[in-house]
1. When both residues are 6+ apart or on different chains and their Cβ atoms are under 6 Å apart, which pairs have a first residue that lies in region 17-34 and is farther than 12 Å from L54 by Cα, and a second that is modelled with pLDDT under 95 and β-branched (V, I, T)?
2. For region 2-90, which fully contained helices (runs of 4 or more DSSP H) count at least 2 residues that are touching a helix residue (DSSP H, G or I) at 6+ places or on another chain (Cβ under 6 Å) and surrounded by 17 or more Cβ atoms within 10 Å (Cβ to Cβ)?
3. Please find, within region 45-67, the residue that is farthest from the chain's Cα centre (by Cα) out of those that are of a type outside the set (D, E) and over 20 Å from W11 (Cβ atoms).
Amino acid sequence: MAVKEFTEKEWRDNFRLSKDTFMYIVSMIEDEVSCKDTKIRKAVSSQKRIAIALYFIGSTAEYRTIGNLFGVSTSFVCKCIKDVAKAIDH
């Protein structure tokens, strides 16, 4: 929803970077953080995984709060942060 509906100001206020910068980061690391769908569930998109991690970095929110905002579990928030940090580090 954020990618399509946020204005540039809302984007910068929430993620602490421009939408263009976000899309650049996505293009650089999406292959490293993407997962495939399984028979049990659909994979969370790489954009959403990266957005979760960047939201955490740019805010003081707890895992529970971020999980509620993005509709995922607290353990998934932790996993996203670790995966994105590892992908950026490479």
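The values are calculated or read from the model by the stated rules, or taken from the named source; none is laboratory data. Keep in mind it's a predicted model, so treat the numbers as computed, not measured. Glycine also receives a Cβ, built like all others from the backbone with ideal geometry; neighbour counts cover every protein chain displayed.
1. none
2. The qualifying helices (runs of 4 or more DSSP H) are 8-15, 19-33, 46-58, 63-70, 74-89.
3. Ranking the qualifying residues of region 45-67, first place goes to R64.
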